[in-house]
Every structure is written in structure tokens, then in C-alpha cells.
Amino acid sequence: MNCVDLKTSLLGWFGSEFECRSSGDDSLIATLPLLKPNGDPIEIAIESVGDSQWRVSDLGDTHSTLYLAGVDLNDEYVRGEEFLQIVAAHKINDQDEELFFESSTTDLPERIFDFVNGLQSMLALQLTMKPKQEGRDFASVVAKFLAEQHTSFEIPPEEIEGKSGRWRFSFSLNHVRPKETLVKALSTNAPRDAMRLAEQSVFEILDVRAVRDFDAAIVTDDEGSRSDVWTPPVLRIFEEWNIQALPFVGRREKLMELARKYAA
């Protein structure tokens, strides 16, 4: 093999792996053979914004991925500062949690690769997160409660497929009724984490609802000192999206009602 052969081989591979589809007038969605840390390909949107001018966007995926991974991009934190440095180094615009740039047709290929390189660097910030210490096994507490109520339930062995990802649920109550209820058991000691867990859970439930018909319930750990964590503003997030929120102690009767509805 010589350099010409290698170049031809690489270009052929890239061309076969590259996918592109129309998303409207003068706009495209390109799926590149360049990967995120989780192995998924990076997708970008390309649309015309004038004569020989193009706007390229990450469709908001980078911010949502980092958020769901627990990466705090507040500029007071180290990773927030690193994120801003990457944005500046690659001349990327960050507006309303969407990353984008504009370019002429001539510069577009080079700018796309520089943009994607920047996205990969940003997404890699989630790999610098320190593993969290094991907390209280609240899911086991809830499982014991369900068993005491003779509830027919299972623990999903795998993450459940949604429209844009796969998400973990604590329980599936589905053995004795035509419509299942997927349950998330949430526990934390920190009010700030409670808000993040609530928003993340709503995102995941809505994502699965886009492709699957089910009821959803959240069981929150409000025993002891955790009673102050799940404040009304946090629980209101679930109510706004018609998701049943059941504090383990504070709404025990409602929780028992749900459990007995699926009694074997």
C-alpha cells in the first residue's frame, strides 16, 4: 500500500459511513462517522442562511448530554471554565443551549471538522467526573414495600428505549393490568441535586413516552432528614408534566393505592 492507496481507502470508508438526510428547504441533518464518548455518532444540522452562507448546529445535543451526565457548566466551576475555553478556541457560538457557527461554502468543510472536534472535547468533560459515592439503596426500600403490598412488579433488566436514548427505571408494574406503570425511585441528601434529578427524570420519562404508552410514577425518599429535600417547587416539576410524584412517607396512602392496584 502506498499513500494514494491509503488516502483512497480512508475516503471510501468515510463516504460509506457518512449519512445525510433532508430536514426541510435548504437544510440537512448529517450523521458523521465521528463519535461521542458513548460510541454514538455525532449529528449536526446544516441550513442555508443566505447566498453561499451556512449555519451549522449541534441541535442542542451537547448541552443536554452534559446536563444529564451531571456536568455543571456554571462558569464558577472548573468544567464550566473549560467549556468556555473550548467554545472560544473553536470560535463557536453558544446561544439558548445550542452550539453553532456560520460559514461560507468555501470554508464549510474545514469549519465542520473544527466544530465537531470542539464538540468531542466538550462531551469528553463528562469523563472527568469523579465516581459518586454509593448512597442509600432507596430502590431496595421501595422494593420491600411493594413486596409487602403483594404488588406484582419487576425490575427492568435493561435500560428502556426512548426516542433519543435509553433510560433506567427502578420498577415496572405491569403484570396484572393492560397498561404498565414505570417507576423511578429517587433519593438524595442535597436540595440542589433533587432539582436536577427531577428535571432529568422528567426528560427521560417524556423521551420514553414519545415511543411507548405507559403511566409513570416517581417515588421520592423523604424519610428523616430527607424530608426537607423534596420541596414543593421540585415536586411541582412532575405535576406540570402529569407525572405522579409520591413522597415515600408524605404520601404513603397514595403509594399504597398504586401498589395495591397491581396486587397479584
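The values are calculated or read from the model by the stated rules, or taken from the named source; none is laboratory data. Everything numeric in this text was worked out from a predicted model, so none of it was measured. Every residue, glycine among them, receives a Cβ derived from its backbone with ideal geometry; neighbour counts consider all protein chains shown.
Observations, loosely collected:
- Residue identified as closer than 23 Å to G60 by Cα, among the charged types (D, E, K, R) and at pLDDT below 90 among D207, D193, D228: D193
- Among the residues of region 104-125, the one identified as crowded, with 16+ Cβ neighbours inside 10 Å and farther than 30 Å from D72 by Cα is L108.
- Unmet requirement for G80, which otherwise passes all of (1) surrounded by 18 or more Cβ atoms within 10 Å (Cβ to Cβ); (2) over 24 Å from T31 (Cβ atoms); (3) under 21 Å from the mean Cα position of the chain (by Cα): (1)
- Filter result for T62 (in contact with a strand residue (DSSP E or B) (Cβ under 8 Å, 6 or more places away or on another chain), among the β-branched types (V, I, T) and either under 27 Å from K163 (Cβ atoms) or not assigned by TED's automatic domain parsing to the domain that holds A194 (or both)): yes
- Strands (runs of 3 or more DSSP E) wholly inside region 172-264 that include at least 1 residues being touching a strand residue (DSSP E or B) at 6+ places or on another chain (Cβ under 8 Å) and among the basic types (K, R): 181-186
- Residue check for F83: closer than 21 Å to S48 by Cβ and either of a type in the set (G, A, S) or not in a loop (DSSP other than H, G, I, E, B) (or both): no
- Residue check for L206: crowded, with 18+ Cβ neighbours inside 10 Å and either on the phi < 0 side of the Ramachandran plot or free of Cβ contacts under 8 Å to residues at least 40 places away in the same chain (or both): no
- Among residues of region 30-56 being among the charged types (D, E, K, R) and not in a strand (DSSP E or B), the one that is farthest from A124 (Cα to Cα) is D51.
- Within the set E97, E81, E110, the sole residue that is charged (D, E, K, R) and at pLDDT 90 or above turns out to be E110.
- Residue within region 218-239 that is hydroxyl-bearing (S, T, Y), crowded, with 20+ Cβ neighbours inside 10 Å and touching a residue at least 60 places away in the same chain (Cβ under 8 Å) present: no
- Every residue from region 86-119 that is under 27 Å from M195 (Cβ atoms) and not in a strand (DSSP E or B): I86, V87, D96, E97, L119
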